[in-house]
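The values are calculated or read from the model by the stated rules, or taken from the named source; none is laboratory data. Quick caveat, the model's predicted, so the values are computed rather than measured. Counting neighbours? That spans all protein chains shown, and the Cβs are built from the backbone with ideal geometry, glycine included. All accessible areas refer to the heavy atoms of the entire protein, side chains included, with ligands and DNA or RNA removed. Shrake-Rupley method; radii C 1.70, N 1.55, O 1.52, S 1.80 Å.
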Amino acid sequence: MHDERGKFLGTALYSSASQIALRLISREAVPDFLPLLRDRIRQAIAYRERVVHNTDAFRVVFSEGDFLPGLIVDRYGEVLSLQVLTQAMDSESARKTMLSELTGQFKPASIVERVDPRIRELEQLPVKASGLLEGEKTLTIVTMNGIKFHYDALEGQKTGAFLDQRENYAAATQYARGEALDVFCYQGGFALHLAQTCSKVSGVDSSRPALEMADRNVTLNGREIEWIEANAFDLLRDYAASGQQYDTIVLDPPAFAKSRKALDTAIRGYKELNLRALKMLRPGGILVTCSCSYHLSPAEFTGVLSAAAQDSHRIVRILENRTQAKDHPIVLTVPETAYLKCVIATVS
Ligand code: SAH
């Protein structure tokens, strides 16, 4: 890759279809991509050995965050889950190299590929189904922060569990108390953690399969949690109207702003949720509020929370301003790698 005056810029992976035609992989000339791919996977694993603790479920490779654009690898105990998002990573030689490196490093029981059909279409890659690449095992149990979770490699959203929240689960547990409501609970990530310190925990989600898995997770950990299948917006409106109160509320909605264009609508959604939650918290209550929309900046998210604080006439003190777990590294020069915001606050 050279600039218009012929000065050498670096080496990039090329996609003939994507809006992102070039993805920089090195400032140097790279004569052969495969040894670099192998080396970067090794570096990514070495980085996790330093920063990931107390779990056998973590992101091994985080695309641009590990200078491996288009490759995501998650480890769930003996099962590896892989996502290929670009033409260069989809080539037969790249696939062969990554599989041999991952197999050598982890000796997994199986490797599963999770396919996002929309991304394959955008990259003009042939249609492909999710499935096993190696081995047979698709069901396993993983542990994070001492809590066990079922993992089904071929079911669920994203690549399964929400590994990026792992450190936020632990942080939230430090403050959570009393009666707790986990809104957008999915398979119970926050709820199961809150159950360690709270007297009563309820989880809300609109997805029945997610709640069924959440309930299996509760049994696995010998806890008691109430699951409510509902649209979170309707439920919060009804609960707020009927004067329902909590000591701890978690809000972890899906990404409302999938593009910059959707930002205004997204901001209204975040504002409404946070406003209702603030109104429902008892004095001294704890709000754990998240946004995984990359397009909503941390400053904009704080702005939404301030507006909700004003409108609810509550005083909100920030205890922790957090982001994604360290196995989803944020590279300063690649702003897209920072997407998760998690604010823990006390409300009086
Ligand atoms: N907190 C979870 C992850 C949440 S992902 C964890 O830590 O694992 C977002 C969740 O919101 C998904 O489970 C999805 O089913 C749910 N969801 C999306 N729209 C919803 C709505 N309008 N009402 C309730 N749940 C919704």
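Below, the figures for the structure above:
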| read-out | value |
| --- | --- |
| Region 156-167 residues that are among the charged types (D, E, K, R) and near the ligand (Cβ under 9 Å from one of its atoms), paired with ones that are modelled with pLDDT under 60 and open to solvent by less than 30 Å² (accessible area, probe 1.4 Å) (beta carbon under 7 Å, 6 or more apart) | none |
| Residues satisfying the stated conditions in region 228-248, i.e. open to solvent by less than 30 Å² (accessible area, probe 1.4 Å), within 16 Å of the ligand (Cβ to nearest atom) and either farther than 21 Å from A176 by Cα or among the acidic types (D, E) (or both) | A230, L235 |
| Identity of the residue in region 294-348, basic (K, R) and open to solvent by 70 Å² or more (accessible area, probe 1.4 Å), that ends up nearest to D66 (Cα to Cα) | K326 |
| Single residue of T11, T55 found to be buried (at least 17 other Cβ atoms within 10 Å of the Cβ) and modelled with pLDDT under 95 | T11 |
| Lone unmet requirement of (1) among the polar types (S, T, N, Q); (2) more than 13 Å from the ligand (Cβ to nearest atom); (3) within 21 Å of Y270 (Cα to Cα) for T197 | (3) |
| Wholly within region 1-110, helices (runs of 4 or more DSSP H) carrying at least 3 residues that are free of Cβ contacts under 8 Å to residues at least 40 places away in the same chain and farther than 22 Å from P329 by Cα | 92-106 |
| Flag if V288 is within 15 Å of the ligand (Cβ to nearest atom) and under 30 Å from R48 (Cβ atoms) | yes |
| Any hit, region 121-131, residues being in contact (Cβ under 8 Å) with a residue 12 or more places away in the chain, touching a strand residue (DSSP E or B) at 6+ places or on another chain (Cβ under 8 Å), more than 24 Å from L13 (Cβ to Cβ) and exposed (fewer than 15 other Cβ atoms within 10 Å of the Cβ) | yes |
| Of the criteria (1) among the β-branched types (V, I, T); (2) more than 9 Å from the ligand (Cβ to nearest atom); (3) free of Cβ contacts under 8 Å to residues at least 40 places away in the same chain; (4) not in a loop (DSSP other than H, G, I, E, B), which one T140 fails | (3) |
| Selection within region 206-226 - near the ligand (Cβ under 8 Å from one of its atoms) and open to solvent by less than 20 Å² (accessible area, probe 1.4 Å) | A210 |
| Qualifying position, being within 12 Å of the ligand (Cβ to nearest atom) and among the small types (G, A, S), among G135, G178, G188, G146 | G188 |
| Every residue from region 249-279 that is assigned to a loop (DSSP other than H, G, I, E, B), away from the ligand (no atom under 12 Å from the Cβ) and open to solvent by less than 20 Å² (accessible area, probe 1.4 Å) | A257 |
| Out of I41, I72, sole residue that is under 23 Å from T140 (Cα atoms), under 24 Å from the mean Cα position of the chain (by Cα) and surrounded by 14 or more Cβ atoms within 10 Å (Cβ to Cβ) | I72 |
| Where a residue in region 226-245 is touching a residue at least 12 places away in the same chain (Cβ under 8 Å) and at negative phi and its partner, wherever it lies, is within 12 Å of the ligand (Cβ to nearest atom) and open to solvent by 70 Å² or more (accessible area, probe 1.4 Å), with Cβ under 6 Å and at least six apart | E229/R208; N231/S206 |
| Residue, most open to solvent (accessible area, probe 1.4 Å), within region 90-120, restricted to residues that are among the aliphatic types (A, V, I, L, M) and closer than 21 Å to L34 by Cβ | L99 |
| Failed item, numbered, when K148 is tested on (1) over 20 Å from the mean Cα position of the chain (by Cα); (2) at pLDDT 95 or above | (1) |
